Amino acid sequence: MTGRAVLPEGLIERVLSRLDMPAYPERSPRGLEAFYRAWCRHVPFDNVRKLIAVRRLQPGPLPGNDPAEFLEAFLAHGVGGTCWAGNGALCAILNGLGFDARRAVATMVVAPSLPPNHGSVAVRFEGQTYLVDASIMHSKPLLVREGQPSRIDHPAWGVIGHWVDGAFTVRWRPLERGAGLDCRIDEWSVDGARFEAQHEATRTWSPFNFALMFNVIRGDGRFGMGGGMRIAIDSSGREVRSAIGDRIGFLVDELGISEALASRVPDDVTMPPPPGSRTAQQRGTTG
């Protein structure tokens, strides 16, 4: 097994308590499902601490590179992280619980010919592989079988696993996009250093470096924010967007972020084109 992170004594028990899990889950697909369901309902996908770090030029590693630091921040402030940090922490705690979890590298196919840009987690049981993802948040482990489709049926967080040119690909619905997106798994087992390097490479440009995003499962739906709007998807899959008045109040009272951290989040700014893109080059030549 590559890149196993050893968590400090007592941290796993504190996280389980915060996830409302009374005991260690059994080491089985059923136990994995129970833990992943609890994770998706408590640990958000968000860029709160990353925005603070990159926009306020905070020195040191990006927050969440260390799984223990990620989990301590979750316990203290109610925040999670983006894909490399969140899935790194999810993999570490699953290993600490005795599961055979591996960090996986994937590509969110937002444009053709992109390099890998997403971290995920695969868990193995006696020849079977299950995908659990701290960013996609499909609530139930997704079974991966060579050449065979799989799916999780739910109007708010359901996904479809299918094979594209020999690669397992997950079709899912990002909260802030409103349309489906493919996530292609490229590598099934990498170490923590790879995750950290990929995460650090996003410091200069990433879609999560400019505007606040937040996504978590609440009840039988999903809830969060994106594009400066409050976003909720109910149990029927219906999406409702509404304006946010008091931003700090929304972060604290509705999203559950500590006031100390919420007050440090910078305002949203317009996302520039990716470096090296045709749009960026045109802007550079035209001023």
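The values are calculated or read from the model by the stated rules, or taken from the named source; none is laboratory data. Keep in mind that what you see is a predicted model, and the values were worked out from it rather than measured. Because the Cβ atoms are built from the backbone with ideal geometry, glycine has one as well, and the counts that use them run over all protein chains shown. These area figures cover heavy atoms from the full protein model, side chains too; ligands, DNA and RNA do not enter into them. Shrake-Rupley method; radii C 1.70, N 1.55, O 1.52, S 1.80 Å.
The table that follows gives values for the structure above.
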{"read-out": "Charge dipole (debye, nearest 20) of the chain; +1 at Cβ of Lys and Arg, -1 at Cβ of Asp and Glu", "value": "520"}
{"read-out": "Accessible-area ranking of Arg41, Arg171, Arg222, largest first, probe 1.4 Å", "value": "Arg171, Arg41, Arg222"}
{"read-out": "Computed E for Asp100/Asp253 - FRET, C-beta separation, R0 35 angstrom, nearest 0.05", "value": "0.30"}
{"read-out": "Probe 1.4 Å, accessible area per residue of segment 145-287, Å²", "value": "53"}
{"read-out": "Förster radius 51 Å - calculated FRET efficiency between Ser150 and Val269, Cβ distance, rounded to 0.05", "value": "0.85"}
{"read-out": "Between segment 1-49 and segment 206-263, the alpha-carbon center distance in angstrom", "value": "22"}
{"read-out": "Point-to-point label distance, Ile244-Ala201, nm (Cα→Cβ direction, 7 Å offset)", "value": "2.9"}
{"read-out": "Rounded, prolate or oblate (a/c below 1.5 giving rounded, otherwise prolate when a/b exceeds b/c) for segment 160-268 by Cα gyration tensor", "value": "oblate"}
{"read-out": "Difference of contour (0.36 nm per residue) and Cα-Cα distance, Ala111 to Phe125", "value": "1.7 nm"}
{"read-out": "From the coordinates shown, Rg and Dmax of the Cα atoms in Å corresponds to which of (i) 20.5, 62; (ii) 19.2, 59; (iii) 18.3, 61", "value": "(iii)"}
{"read-out": "Per residue, in Å², the accessible surface of segment 1-136 once ligands and nucleic acids are set aside, probe 1.4 Å", "value": "39"}
{"read-out": "Computed lengthening from Asp20 to Arg56, 0.36 nm per intervening residue step minus Cα-Cα distance", "value": "9.5 nm"}
{"read-out": "Rounded to whole Hz, the Karplus (6.51, -1.76, 1.60) HN-Hα couplings of segment 72-85, x for glycine and proline", "value": "5, 5, 4, 5, 7, 10, x, 10, x, x, 7, 4, 5, 6"}
{"read-out": "222 nm mean residue ellipticity, helices alone, for the chain (DSSP H n ≥ 4; -39,500 (n - 2.57); rounded to 500)", "value": "-8000 deg cm²/dmol"}
{"read-out": "Distant-in-sequence amide H partners of His138 (H built 1.01 Å from N, under 5 Å)", "value": "Asp133"}
{"read-out": "Percent RCO, i.e. relative contact order, over segment 44-158, from Cα pairs under 8 Å lying at least 6 residues apart", "value": "18"}
{"read-out": "Relative contact order computed over segment 151-280 (Cα-Cα under 8 Å; 6+ residues apart), in percent", "value": "18"}
{"read-out": "Estimated inter-spin distance, Val6 and Ser28, nm [label 7 Å along Cα→Cβ]", "value": "3.1"}
{"read-out": "With DNA, RNA and ligands ignored, accessible area of Val144 (1.4 Å probe; Å², nearest 10)", "value": "20"}
{"read-out": "Distant-in-sequence amide H partners of Ser189 (H built 1.01 Å from N, under 5 Å)", "value": "Val105"}
{"read-out": "Average Cα contact separation per residue, the chain, under 8 Å, 6 or more apart, as relative contact order %", "value": "19"}
{"read-out": "Dipole in debye (nearest 20) - segment 86-177, about Cα centre, beta carbon charges: Lys, Arg +1; Asp, Glu -1", "value": "100"}
{"read-out": "Apportionment of accessible area to carbon and sulfur, segment 36-141, percent (1.4 Å)", "value": "53"}
